[in-house]
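Just so it is clear, none of the values below were taken in a lab; they were calculated from the coordinates. Keep in mind it's a predicted model, so treat the numbers as computed, not measured. Here the Cβ positions follow ideal geometry from the backbone for every residue, glycine too, while neighbour counts run over all protein chains shown.
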Amino acid sequence: MVERVEVATVGAWCAISTVPVLIGGGALLSSSGAGDLIPQTGTVGQKWLLAVASASGAFAAGGWLLILMGYLVLVAFVGLYFTLREAGSIMVLAPVLGVAAGVLVQVSHLIPIGMAYELAPAFAAAPATNREVLGVVADVLAATSLVINAAGNALGWGVVVPLYAWAILNTRALPRWIGWLGLIVAILAGWLGLFAPLSSVVNSISSFGFPAFFLFLLCSGIATLRRQAAHRRHLAPEPR
């Protein structure tokens, strides 16, 4: 007899898997010399183009790993809903808004990958007189990617994560400290992150919300699997 696989279980494993995929993608991006997947504008962005052009293979591999990570986050958001939906009907907003936020972030990550395939090699091979025009094109694409990414992160970290955190604290379906961790993510990455462009100090503080988010996913996934294992042991018939 084939065992039924629950959405919460799939979501939990996806949440756990985001961490190693993130580490692998980040390592490849660092080895490419580009550092970040999304480039900045101006001179920094032009240096990014040159770095990507010289190591397009490593950059593209790292970029696609982060795209895979984004898909895992989408499934993790949906799976977490099935664990916490007893918090009330408002929880249906969490996976809906989570998927919307994830799609925005995915688009913002796909734009730089496209730049790496076409724009970066053209910029590196172009004479100095043509680089100015290509630099303007790169700035437009980079700014578009940054804006879309900011919109997705604000929705995901500022609305979806605190909604899940509230549900954890309200239902205690998962350990309460995970709920408090989710609120830390919301405060740092979601709410404080909105003001990051205004101050380098605020930006530095809000950056701690990024690893906290993946720690939140990892702990939520592990706690969900432990909860399901305990539930199965409770339902299992006692040996005679």
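General observations
- The chain: relative contact order as a whole-number percent, Cα under 8 Å and 6+ apart: 24 percent
- Residue among Ile23, Ile184, Ile148 with the largest mean-square fluctuation in a Gaussian network model of the chain, springs linking Cα atoms under 10 Å: Ile23
- Taking region 158-175 and a reference point 7 angstrom along Cα→Cβ of Leu198, the backbone N atoms nearer than 19 Å belong to 158-159.
- Per-pair calculated FRET efficiency, R0 = 25 Å: Val44 and Leu215 via Cβ, rounded to 0.05: 0.30
- Sequence of Ser204, Ser31 once ranked by neighbouring C-beta atoms within 10 Å, starting from the fewest: Ser204, Ser31
- Nearest 10 degrees, 0 to 90: helix 128-155 Cα axis against the chain principal axis: 20 degrees
- A Gaussian network model of the chain, with springs between Cα atoms under 10 Å, assigns the largest mean-square fluctuation among Leu181, Leu134, Leu163 to Leu134.
- If R0 is taken as 35 Å, the Cβ-Cβ distance between Asp139 and Asn170 corresponds to a FRET efficiency of 0.20.
- The C-alpha atoms of the chain define a longest principal axis, and helix 176-185 lies at about 20 degrees to it.
- Reciprocal of mean inverse Cα separation for region 7-233 (Kirkwood radius, Å): 18.3 Å
- Considering only Val202, Val107, Val78, the Gaussian network model of the chain with Cα springs below 10 Å gives its largest mean-square fluctuation to Val202.
- Mean projection area, nm², convex hull over Cα of region 109-220: 8.4 nm²
- Extended-chain gain in nm, criterion 0.36 nm per residue less alpha-carbon gap, Asp36 and Ser54: 5.0 nm
- Nearest-ten-degree value, helix 42-54 long axis tilted from longest Cα axis of the chain: 80 degrees
- Estimated FRET transfer efficiency when R0 is 51 angstrom, pair Leu93-Thr129 (beta carbons, to 0.05): 0.45
- Among Asp139, Asp36, the ranking by other beta carbons within 10 Å of each residue's beta carbon, starting with the fewest, stands as Asp36, Asp139.
- Three-way shape call for region 98-157 based on the alpha-carbon gyration tensor, with the a/c threshold at 1.5: prolate
- Nitroxide proxy distance, nm - points 7 Å out along Cα→Cβ at Val10 and Val103: 1.8 nm
- Cβ-based net charge around Val137, under 11 Å, with every Lys or Arg adding one and every Asp or Glu removing one: -2
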